[in-house]
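> Structure below; questions to follow.
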Amino acid sequence: MKKRMLIVIAGLVVLIAGLGFFKYRQIQAAIKGGAWTPPPEAVTTTIASEAQWEGTLHAIGSATAVNGVVVSADLPGVVSSIEFESGHAVKKGAVLVRLDTRTERAQLASAVARRDLFGIRVDHCVRARHAQKQLAIPPCAAEIRP
């Protein structure tokens, strides 16, 4: 059984090698003999004439800007207004988008009010200290908290 298998495999190897060698000899003969040439190219001709070209061309398509920009915000928020028109040129440093800053303005006003209140408390304690002429920390100092 094994002997038959080896004979069949050897026969196939010899057959494939023979076909490969035969094809190789065919290609070599065609290259040397010049029998193989590429197919001819199709060429058309026309008579050249002078014509006027239009200064403009009307077309439909899309264009990509050479200098573009990707707009992104440093802080998250809601856009309150857009300060540019799509497709128009803008100058460097121009405001393009305004964010809604009502929350931030309210937080700033709150911080300013707390600062002013702290200043008033400090002034009150300083006046009380001078009035009492004490060297120790006045009793109202416990109220001073930022």
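Read the figures in this text as sums done on the coordinates, not as results from a lab. What you see is a predicted model; the values in this text were computed from it and never measured. As a convention, Cβ positions derive from the backbone with ideal geometry for all residues, glycine included, and neighbour counts pool all protein chains shown.
> Per residue, what volume in Å³ does the Cα convex hull of the range 1-64 take up?
Normalising the Cα hull of the range 1-64 by residue number yields 306 Å³.
> Continuing with the same structure: So if each residue of separation counts as 0.36 nm, and I subtract the Cα-Cα distance between R105 and V90, what length gain in nm does that give?
2.6 nm
> In whole angstrom, how long is each semi-axis of the equivalent ellipsoid of the chain, when you take the square root of 5 times every eigenvalue of its Cα gyration tensor and sort them from largest down?
Each semi-axis is the square root of five times an eigenvalue, giving 93, 42, 13 Å.
> Report the longest stretch of the chain that contains none of the trypsin sites (Lys or Arg not before Pro) sitting in a DSSP loop with at most 16 other Cβ atoms within 10 Å.
1-90
> Select from S49, S81, S72 the residue whose mean-square fluctuation is largest in a Gaussian network model of the chain (Cα-Cα springs shorter than 10 Å).
Maximum fluctuation in the GNM of the chain, among the listed residues, is at S49.
> Can you give the charge dipole size of the chain about its Cα centre, rounded to the nearest 20 debye, using +1 on the beta carbon of Lys and Arg and -1 on the beta carbon of Asp and Glu?
Value, rounded to 20: 1320 debye.
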